[in-house]
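Below: one structure, written as structure tokens.
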Amino acid sequence: MSAKQKRFFLSEDEIPRYWYNIQADMVNKPMPPLNPQTKEPLKPEDLYPIFAKELCHQELDQENAWIEIPEPVREYYKYWRSTPLVRAYGLEKALGTPAHIYFKNESVSPIGSHKLNSAIPQAYYCQQEGVTNVTTETGAGQWGAALSYAAKLFGLEAAVYQVKISYEQKPYRRSIMQTFGAQVTPSPSMSTRAGKDILTQTPNHQGSLGTAISEAIELARTTPNCKYTLGSVLSHVSLHQTIIGLEAEKQMEMAGEYPDIVIGCFGGGSNFAGISFPFMRHTIKDGRKTRYIAAEPASCPKLTRGKFQYDFADEAGYTPLLPMYTLGHKFAPANIHAGGLRFHGAGVIVSQLLKDGLMEAVDIPQLETFETGCLFARAEGIIPAPESCHAIAAAVREAKKCIETGEEKVILFNLSGHGLVDMASYDQYLAGNLMNYSLPDEMIEKSLES
Ligand SMILES: Cc1ncc(COP(=O)(O)O)c(C=O)c1O
């Protein structure tokens, strides 16, 4: 390694050939998702009407630690992978910290975030079984953009329900999806029964990932040859995202370091899982002492203030019941600009890991995230997505502790996306128009009861 190497890359040949399935190595396996009618544990076949078959098997696989990445998927991964592992010298200097800060830059993907890592295999498996149409939900539009592009790569038609508040806050993400040929509808909409029910009850509903998931599932169920795809929460999505941490593991080795702390922002858990699970396998198997921190918004704090229980992943209750940390599936998050983190629940694997004390969670107020986003932009030249700002803020908190203790901790975080399509949010922040939201305990209790 040169004295001050900034970025670390892998050659195309070194891009991983397998995803890592942490379920196989977990001592306490995640509890099974349940059929909401029978309350029986779900079998892969129960999910066939909604998802591509291969994804249903990946979802419930607790035996195979390594799942081969299909060659056509790996070929498309080469369009931007490996993503750089970057030593954040600029940020370290700006903070005056002795910590060594690294970030994995997933913002270099064609659509600007990590979401393409799962969109490509999901579209691939759909095409393999003869599906012609795919549908999904999207918050800030990052997942919708990824799926729209992936669908085009495999000759599929895509229909995306975008959370209404984000549809309005981030109009260019809609343009991106449409540029890739997708149909985009703000959710809740009058185009589905679920949407109509929600709008009848709450005419001004601003939408949430929960409402958009209900609408997309309904479309998949009622349209021939159409499958639903999901950009987070589910275990197969986390599986695909492990490409991030598997690359990072090799790149950290090139840098001659190993992380003491691994951090990801947290919506449903996929990028956090992606960066952390490959490292966590050394904690589970070899007792390696690394801290894993999920950074969530203070206004949507399912990991830090939610309850571990069976709950639906969507507003209307169409999904299986998942054992997870949740704020209740009727929880309507505040209109923060990190649209991708406005989700009431957490994936089942991450929920079990948190319950078992293998990872930690922190919640970050909105103003701190944008303050950190500006600091990072000025120090490293990359404007982070509002979601990613949560991970950076958590990393900055840890780096500041090192100033006090003098420790040279190695901190690795995932830069899940860039914020160039989120400049309206930065505008609002710079104009002093953004606020923190308080969330009284009673509101969470009420939402969990409903
Ligand atoms: C840039 C970015 N980061 C993070 C997330 C959160 O999702 P997840 O927790 O699945 O990584 C999103 C979701 O839309 C996103 O767009």
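The values are calculated or read from the model by the stated rules, or taken from the named source; none is laboratory data. Since the model is a prediction, treat every value here as computed from it, not as a measurement. Glycine also receives a Cβ, built like all others from the backbone with ideal geometry; neighbour counts cover every protein chain displayed. SASA here: full protein model, heavy atoms, side chains in, ligands and nucleic acids out. Shrake-Rupley method; radii C 1.70, N 1.55, O 1.52, S 1.80 Å.
Numbers for the structure displayed
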quantity	calculated
Residue count, segment 193-229 (criterion: open to solvent by less than 10 Å² (accessible area, probe 1.4 Å) and under 18 Å from Gly139 (Cα atoms))	14
Pairs where the first residue, in segment 328-350, is under 25 Å from Ile22 (Cβ atoms) and the second is of a type in the set (Val, Ile, Thr) and more than 11 Å from the ligand (Cβ to nearest atom), C-beta under 7 Å, 6+ apart	His344/Thr326; Gly345/Thr326; Ile349/Ile22
Complete set of residues in segment 44-65 that are part of a loop (DSSP other than H, G, I, E, B) and loosely packed, with under 13 Cβ neighbours inside 10 Å	Pro49, Glu63
Test for Gly357: is it open to solvent by less than 40 Å² (accessible area, probe 1.4 Å) and at pLDDT 95 or above	no
Counted residues, segment 309-325 - those being of a type in the set (Ser, Thr, Tyr) and modelled with pLDDT of 95 or more	2
For Pro44: the one exception among (1) at pLDDT below 95; (2) in contact with a Leu (Cβ under 9 Å, 6 or more places away or on another chain)	(1)
From Gly340, Gly264, Gly274, residue being modelled with pLDDT of 95 or more, within 13 Å of the ligand (Cβ to nearest atom) and part of a helix (DSSP H, G or I)	Gly274
Out of Ala361, Ala385, Ala399, sole residue that is in contact (Cβ under 8 Å) with a residue 24 or more places away in the chain, closer than 14 Å to Ile293 by Cα and under 20 Å from the mean Cα position of the chain (by Cα)	Ala361
Hits in segment 207-222 (condition: within 16 Å of the ligand (Cβ to nearest atom) and either assigned by TED's automatic domain parsing to the domain that holds Leu341 or touching an Asp or Glu at 6+ places or on another chain (Cβ under 9 Å) (or both))	Ser208, Leu209, Gly210, Thr211, Ala212, Ile213, Ala216
Filter result (under 14 Å from Tyr228 (Cβ atoms) and either within 14 Å of the ligand (Cβ to nearest atom) or open to solvent by 10 Å² or more (accessible area, probe 1.4 Å) (or both)) within segment 133-157	Asn133, Thr136, Glu137, Thr138, Trp143, Gly144, Leu147, Glu157
Pro301 vs. criteria within 15 Å of the ligand (Cβ to nearest atom) and open to solvent by less than 10 Å² (accessible area, probe 1.4 Å)	yes
Single match in Ile176, Ile165 (criterion: touching a residue at least 40 places away in the same chain (Cβ under 8 Å), within 21 Å of the chain's Cα centre (by Cα), under 28 Å from Gln127 (Cα atoms) and in a helix (DSSP H, G or I))	Ile176
Selection count, segment 363-403, where residues are within 16 Å of the ligand (Cβ to nearest atom), farther than 15 Å from Asn271 by Cβ and not in a helix (DSSP H, G or I)	4
Flag if Val233 is within 23 Å of the chain's Cα centre (by Cα), open to solvent by 10 Å² or more (accessible area, probe 1.4 Å) and of a type in the set (Val, Ile, Thr)	yes
Subset of segment 277-302 (residues that are outside any helix (DSSP H, G or I), farther than 30 Å from Ser438 by Cβ and in contact with a Pro (Cβ under 8 Å, 6 or more places away or on another chain))	Thr290
First in segment 223-240 and near the ligand (Cβ under 8 Å from one of its atoms), second anywhere and open to solvent by 20 Å² or more (accessible area, probe 1.4 Å), Cβ under 6 Å, 6 or more apart	Gly231/Lys115
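Matching residues to (1) over 21 Å from the mean Cα position of the chain (by Cα); (2) surrounded by fewer than 24 Cβ atoms within 10 Å (Cβ to Cβ):
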site	(1), (2)
Arg87	yes, yes
Gly90	yes, yes
Ile101	yes, no
Ile111	no, no
Ile120	no, no
Ala123	no, no
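A quick yes/no check of all residues on (1) open to solvent by 20 Å² or more (accessible area, probe 1.4 Å); (2) small (Gly, Ala, Ser); (3) farther than 28 Å from Ile69 by Cβ; (4) more than 16 Å from the ligand (Cβ to nearest atom):
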site: Glu253; (1), (2), (3), (4): yes, no, no, yes
site: Gly269; (1), (2), (3), (4): no, yes, no, no
site: Arg291; (1), (2), (3), (4): yes, no, yes, yes
site: Pro297; (1), (2), (3), (4): no, no, yes, no
site: Phe308; (1), (2), (3), (4): yes, no, yes, yes
